[in-house]
Amino acid sequence: QGEIVGCIALAQDVSSYRQLISQEAEIAKVHASNNAKTQFLATMSHEMRTPLNVIGGMISMMLDTGLGDEQFAFASQIEKSCAEIQALV
């Protein structure tokens, strides 16, 4: 009465499960990093385009005024450079 007459044990290898959880955590970190990078680039692109549009517009208006030859050449170079930067952004 009340004596222990045996023992039943159950064991399971969970190493593959732990590895899967670790891989999923790593994938989540990579996705978060990519999302942060994408958001940063979108924000920076917008922040750069806005002043570039203003510069391009102002230079365009300046070129329509009576500039001297040297001033016209400088303003034209600025307009060209602004357009090249806008193409990159």
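The values are calculated or read from the model by the stated rules, or taken from the named source; none is laboratory data. It should be emphasised that the depicted structure is a prediction, and the values quoted were computed from it without experimental measurement. Here Cβ is always computed from backbone atoms with ideal geometry, including for glycine, and neighbour counts include all displayed protein chains. Note: areas computed on protein heavy atoms with side chains; ligands, DNA, RNA excluded. Shrake-Rupley method; radii C 1.70, N 1.55, O 1.52, S 1.80 Å.
Which residue is modelled with the lowest pLDDT, if the candidates are limited to the stretch 40-49 and must be of a type outside the set (D, E, K, R) and open to solvent by 90 Å² or more (accessible area, probe 1.4 Å)? Among them, the one singled out is HIS46.
Kindly indicate whether HIS31 is at pLDDT below 95 and in a helix (DSSP H, G or I). Here the answer is no, as HIS31 does not meet what is asked. Taking each residue of the stretch 77-89 that is surrounded by 14 or more Cβ atoms within 10 Å (Cβ to Cβ) and looking for partners that are of a type in the set (Lys, Arg) with beta-carbon atoms closer than 8 Å, six or more apart or interchain, yields GLN86/ARG49.
Yes/no matrix, rows are residues, columns are (1) under 30 Å from CYS82 (Cβ atoms); (2) surrounded by fewer than 10 Cβ atoms within 10 Å (Cβ to Cβ):
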residue: GLN1; (1), (2): no, yes
residue: ILE4; (1), (2): no, yes
residue: ALA9; (1), (2): no, yes
residue: TYR17; (1), (2): no, no
residue: ILE21; (1), (2): no, no
residue: SER33; (1), (2): no, no
residue: THR38; (1), (2): yes, no
residue: PRO51; (1), (2): yes, no
